[in-house]
Structures are given as structure tokens and as C-alpha cells.
């Protein structure tokens, strides 16, 4: 069978037949009277009058060769070939500038797209999110359908991200080292306003103070909006669970028969969309501010406060760029003219091919990429999936029938603003029209009400300085003052009879809450723990004296565990597998050897060995049905000595590991190798999912336990003392773990 014309074009243009057909459709449409009119209107609105006119002029201008492009610029090379091919096909000149504009136009407006007639890709077992996103995007370019909505995966992501935001907010108030580390890192990528430079000339040192304050305000904005987005999503998926909705089809039937559920879905999607816009700006500033990439960008802020990031053409022209560098410049230096998922695909490919390329980004860049990627994956799964396409069509019809007042009443979580009587025209990038626009308005209302001037770390009564080792009492007073201002601002926006509702949605702390995190409370908790540990040691010594024989006669029941209070980590995960029925046939017991081929050792609980004990250390390849997991994690785990000590070190930063590693290989006291952390989490049954950045989610083998997300250290995968303490604190907070939760298996090292 001879290839189709689009298959021929695809090979000539180094793309797929589906993408070739899309670009041909785009060129034909944009050269009709209707298409040209819509293209020109969109270009002016998208890029502004001046820049829009310039882009149109270049697109319509006759081509004047020769064309000078770098072969590493994959997009430019492809568009040059496409322009040449379409010119021959249409018998009318189409320049590379024109086809670039056409493709951007049809991409953002979802026009001229050929039918997707290939089956949707499915995620492979053990596939990282980064690899999955890259493979999924490649399949979409080939004309595959979008994967269907995965309710379980979206819920896991929403819950773990909401908890991550909350935990980071808490840690920033209870750990001074963490506070300085986060803000000083962000300070490096802050783009100051022009007046800041003027003030710094008059008062040297002002630039450092103001950019540090800006990093705090930027962090507040990001966390308020991210909490808003993930809170709304988590509430939605919890409601879906309460209704026992398990399939996209059931969800479609439910929202069509219940308007309240429909509006809740719109509210969650528009809130997540608002967060994605903030996360995009954060990612852009952090990546273009890295030491490696900053030299190619001009980063300024207008007098109105808007950040403008542009390429420096002269410096780019003098540089030898590889594919990743070119993709970074295309994605972050041209108002997002290049789609982000191209960036994720190339980042994955390039760092696998040339591992040293990963060092071009700092840990903060990988965190920004990871946080964006998680939100982007959830939003795209809900928006582009077959379920999402049907929902978008239904939402468009519902929004068209609804008045502005009804939309604001259904989606608003603040008291009505009397100045807003009708909604403005939606921006081109708003996926849900005026509903998305209203989510932005709500965010703007909060930014307007938030005390900008009061959220200064410098100049207050606490006498705060960037390089000063501030005392815990002063630090607590400073953050308490900040929290009180934020709380009072949020109260002024509460709807009648709903005190504290805005603060709850934005993730703010009640300054009068006795449980509000602070450095003083954390230090007191440490002292109390030390006191309890000392008492326990004294009690153990006293109990060691011979007082006769005592036999325990009252069994201790632990939720989710069968008869034992202490469970080997691998045995617990294996028990979950047995409950699920992944292996229905019973196996004969092996004598003397475990599955890994090592000598079997009696557990501290003295229970008879079972098949559950014969499970390999690495459980990442297990396939389990989460619906059949036990409800709770066990109260204790029994692990080999080295594995138990990983948890001991995380849960107590002063724990010293008597490791047999060489001095060069062994981490510093208080540090933990990331690979060791992943290994022990797998050992106790957690599944691990990694995103395109450094964000890694750990899913527990228990139905009622929430997943937890951490950022993998970069570029060296070693948790510093500060990070290890933060990870241990979050594990303890989420699952109630302490050092005593993890007991050492007698006589076992591995």
C-alpha cells in the first residue's frame, strides 16, 4: 500500500503524518477570508497592538533568503521545510514566519485538527511520570487519542500536593534554617522593579533587602494560589469518592443530573487553571534566572510591576546551543510561543542522553518544574481526555445560559464585590471563558486586599536582617505579625456567616490558634521528646532488674494488622498483596532461604515464617488493587538494621549511622542518600511516582493513608541535614511515625 501524501510530508518534514496534515490544514484555513480575519484579531489580542502588527508584517512579507538558522533549532529547521512544502502544495508563498504564526494560532484555539484515530497510550508499570509524559506526547503527535480521565490518579495527586503545600507552609514557620534556605534561593531569581535600583543608589543595601522581601511576597502568592487550586481539587475528588463514583461515565451522568456537582467541577478546574498561570510565571523566572541560562535572557520589570523576559539576540547568536538549550530559549524567551510539553519531552530525552545536562538547573528549578508538571498533568487529564472534551462542551452550553450573577454566585468563595456587576470579556487563554476569568478576579481581589506593605520582613519591630541569626522568639513574633495581617485581610472577604472560610481556602493560619506552628513550639516538642526518651531509658533499666516472670495475656489489636503489633516491612506489603489476591495460589514454604536467597531469620515477634515473609526487598514491580488494601498502616515495622537506621536518621537528625561505607562514600552526619530513602519506602510497600521535575510522590499501601510528595535533591541526590529533618518531620506528621515505629530485625543488616 502506497503511503498517503501526509505520510510523505511527515518524512520530509521530520514529523508525523498527523502533524503534517494539521499544519497543511492550518495554512489553508489561515489563507481563507474567515481564517485570515480570525488570525489577525487573535494576533493583535494575543501579543498586543505593536508586537502583533509586527508579527503579521513578517508573516505576510515576501521571503528574502538566504535563511540562516542553527541546525540545533529543531523547530526552525522543521518550519523551514514545512514552509517550502506548503508553498509548492498551495502554489502560494508561505514563509517560515507565517507557518510559525499559523501553528501557534491553531494550537491555542484548537482549530483544524485532524481526527485522532489511533488508540490512546496507556501508562506502563513502573514508568516515571517524566517518561510517561514524553511518551504520551509523542503518541499525541502521531494522532493518538488522549488517555481517558484517571480519577484515582488525579485524586492522589490533588491530596499529596495539598498536603505538600500545607507542610511547607508549616515548616517555614517552625524552622528558621528552612525559612532562610527557601527565601534566599528564590531571591536569586527575583526580578526587581526599576524604583528598587534607584533606591539602592541612594541607600546601598536596599536592593538586597527588597529582593528578599519580594521573595517572601512571591512565595506567599504562590502558596495562597496553589492552596486554592489544590484545595478545590481535593474537595472535588473527596466528594466524588463520597458519591461512590468510580468511572468517567458515572461522573458524566452525575454532573448532568446535579448542577451542584457540575459547578464544583468548574470551580476546581478554574482554580487549578489559575494556579497553573502563577506556577508558569514562577517556573519562567527561576529557570531564566539560573546561573547557566541567565546570560541569554534580558529580565526586567515594567513600572507597572509586570515581569518581561526576552532573549538577548546578540548573546544567543554568539553561542553554540544544543537541542536542550534551544528548547529552553524557545519556551521561556518568546511569550510561551513553544508549548511546554515539548520542553518536558526534550528535557527528559536530553538528560537521559547527556546526564551532565541536568546540572544546568538548580534544585529550585527542578522543584518549579515538578510542581508545574503535576498540576499540568492533572489539568490536562481532566480537560483533554474524552471525558474532558464532553465536559467542556457541556460547560460551554451551561455557561452560555447562565447570567454573570449566577456564575459569580456559584463559583465565588468571597463576599460579593459591589464594584463587580458583570464579568469582563474572557482572555484568549481562559479555557472556561468567563468562569476562568472570574477565578482570576477572585485571585486579584485577594492580592488587592492582602497587606503588601505590611508583608515586609525588614523595618518591623523585630529588627530583622538577612544575615542575622535571628532568635526564635523574634522570628516567631515576626511570623505571627505576618499571619495576623493575612488573617484579618481574609476575614474582611468572608461571606456572611462563614467566618474563616477564605483563610481556609487560601491556606492561612489563625493567629489565635494554639496549634499554629512556630519555632518555639517545635523546640518545646523536641525537649518533651528528649524528656520522654530519658524516662523510657530509665524505666527500661528498672524493668531489666529480675522481678520474676511476666506473661502478656491481653492481645493488642492494631488497625489493619492481623494479630501482630510489629510487622516486617516487606511482610506488611506482602500481606497487602495477599489480601488483594494478586497471587491466589498458595506456595510451598521454602526452608532456610528467603526469596532473595538469603538465610531466613526469625522475626522479633517469633511468628512462624509465611509466604508473606518471602518477598523481595524491592516491591516496585508488584501490581496491587488499592481497593483491597488494608485501611491503616501498621503501628510498627521490623526492618534490617541499615534500613531501620535510614528512618531513625530522618526521624532524629542527631542519629549517627555506624555504616561500613568508606569515608568518601558515607554521607555526612545527618544526611541521607535519596536512593536509600526510596529503597526503604519501597520495602515497606510504598509505590513511587516521579514527575518531570524533582517532585516524587509516595503512595502508601493503605486505603485511609494519604500519599505524600517530596522533592528529590538536585544535582546531588543526597538530603542535607536541613532537608532530612524536614522529610522526617513530614513523615512523622503524616503517618505518626517515630524512631520506635521502625525496629531493627535481629541479626540482619540488609
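Residues that are surrounded by fewer than 14 Cβ atoms within 10 Å (Cβ to Cβ), without any contact (Cβ under 8 Å) to a residue 60 or more places away in the chain and closer than 18 Å to residue 77 by Cα within the range 1-21 comprise just one, 11.
With respect to the conditions (1) modelled with pLDDT under 85; (2) under 12 Å from residue 744 (Cβ atoms), residue 656 lacks only one, and its number is (2).
Of the listed requirements (1) touching a helix residue (DSSP H, G or I) at 6+ places or on another chain (Cβ under 6 Å); (2) closer than 21 Å to residue 283 by Cα, residue 707 misses just one: (2). Taken over the range 103-139, the criterion of being without any contact (Cβ under 8 Å) to a residue 24 or more places away in the chain and not in a loop (DSSP other than H, G, I, E, B) is satisfied by 132, 135, 136, 139.
Elements of the type helices (runs of 4 or more DSSP H) sitting completely within the range 378-463 and holding at least 1 residues that are touching a strand residue (DSSP E or B) at 6+ places or on another chain (Cβ under 6 Å): there are none. Here the range 701-729 is the region considered, the condition is being under 23 Å from residue 238 (Cα atoms) and surrounded by fewer than 22 Cβ atoms within 10 Å (Cβ to Cβ), and the residue that is nearest to the chain's Cα centre (by Cα) is 707. Looking across the range 91-102, the residues that are in contact (Cβ under 8 Å) with a residue 60 or more places away in the chain and part of a loop (DSSP other than H, G, I, E, B) come down to 92, 94. Among the residues of the range 318-325, is there at least one that is in contact (Cβ under 8 Å) with a residue 24 or more places away in the chain and touching a strand residue (DSSP E or B) at 6+ places or on another chain (Cβ under 8 Å)? No. Per the conditions (1) in contact with a helix residue (DSSP H, G or I) (Cβ under 6 Å, 6 or more places away or on another chain); (2) surrounded by 18 or more Cβ atoms within 10 Å (Cβ to Cβ), the sole criterion not satisfied by residue 376 is (1). Looking at 53, 36, which one is over 24 Å from residue 78 (Cα atoms) and in a helix (DSSP H, G or I)? Of 53, 36, the one residue that is over 24 Å from residue 78 (Cα atoms) and in a helix (DSSP H, G or I) is 53.
One residue alone among 21, 54 is at pLDDT 95 or above and not assigned by TED's automatic domain parsing to the domain that holds residue 140, and that residue is 21. Of the listed requirements (1) surrounded by fewer than 18 Cβ atoms within 10 Å (Cβ to Cβ); (2) in contact (Cβ under 8 Å) with a residue 12 or more places away in the chain; (3) in contact with a strand residue (DSSP E or B) (Cβ under 9 Å, 6 or more places away or on another chain), residue 297 misses just one: (1). For the range 295-309, which positions are under 26 Å from the mean Cα position of the chain (by Cα) and closer than 25 Å to residue 325 by Cα? Result: 297, 299, 307, 308, 309.
For residue 89, the test of being more than 28 Å from residue 45 (Cα to Cα) and either in contact with a helix residue (DSSP H, G or I) (Cβ under 8 Å, 6 or more places away or on another chain) or not assigned by TED's automatic domain parsing to the domain that holds residue 35 (or both) is passed.
Among the residues of the range 730-749, is there at least one that is in a loop (DSSP other than H, G, I, E, B) and either under 22 Å from the mean Cα position of the chain (by Cα) or surrounded by 22 or more Cβ atoms within 10 Å (Cβ to Cβ) (or both)? There is no residue in the range 730-749 that is in a loop (DSSP other than H, G, I, E, B) and either under 22 Å from the mean Cα position of the chain (by Cα) or surrounded by 22 or more Cβ atoms within 10 Å (Cβ to Cβ) (or both). Applying a threshold of 9 Å to beta carbon distances and a minimum spacing of six or more residues, or different chains, the list of pairs starting in the range 168-189 at a residue that is in the same structural domain as residue 722 (by TED's automatic domain parsing) and ending at one that is surrounded by 20 or more Cβ atoms within 10 Å (Cβ to Cβ) and outside any helix (DSSP H, G or I) is empty. Would you be able to say whether some residue in the range 195-209 is part of a strand (DSSP E or B) and surrounded by fewer than 20 Cβ atoms within 10 Å (Cβ to Cβ)? No, the range 195-209 contains no residue that is part of a strand (DSSP E or B) and surrounded by fewer than 20 Cβ atoms within 10 Å (Cβ to Cβ). Of the listed requirements (1) at pLDDT 90 or above; (2) under 22 Å from residue 380 (Cβ atoms), residue 94 misses just one: (2).
The one condition from (1) under 17 Å from the mean Cα position of the chain (by Cα); (2) modelled with pLDDT under 90; (3) not in a loop (DSSP other than H, G, I, E, B) that residue 698 does not meet is (2). Note on the range 300-371: enclosed helices (runs of 4 or more DSSP H) holding 3 or more residues that are modelled with pLDDT of 85 or more and either within 25 Å of residue 716 (Cα to Cα) or assigned by TED's automatic domain parsing to the domain that holds residue 194 (or both) are 323-332.
Here's the yes/no breakdown for (1) modelled with pLDDT under 95; (2) on the phi < 0 side of the Ramachandran plot; (3) surrounded by fewer than 21 Cβ atoms within 10 Å (Cβ to Cβ); (4) in a helix (DSSP H, G or I):
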| site | (1), (2), (3), (4) |
| --- | --- |
| 224 | no, yes, no, yes |
| 229 | no, yes, no, yes |
| 232 | no, yes, no, yes |
| 256 | no, yes, yes, yes |
| 273 | no, yes, no, yes |
| 284 | yes, yes, no, yes |
| 291 | yes, yes, yes, no |
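The values are calculated or read from the model by the stated rules, or taken from the named source; none is laboratory data. Just so you know, these numbers come straight off a predicted model, no measurement behind them. We place every Cβ from the backbone using ideal geometry, glycine too, and count neighbours over all the protein chains shown.
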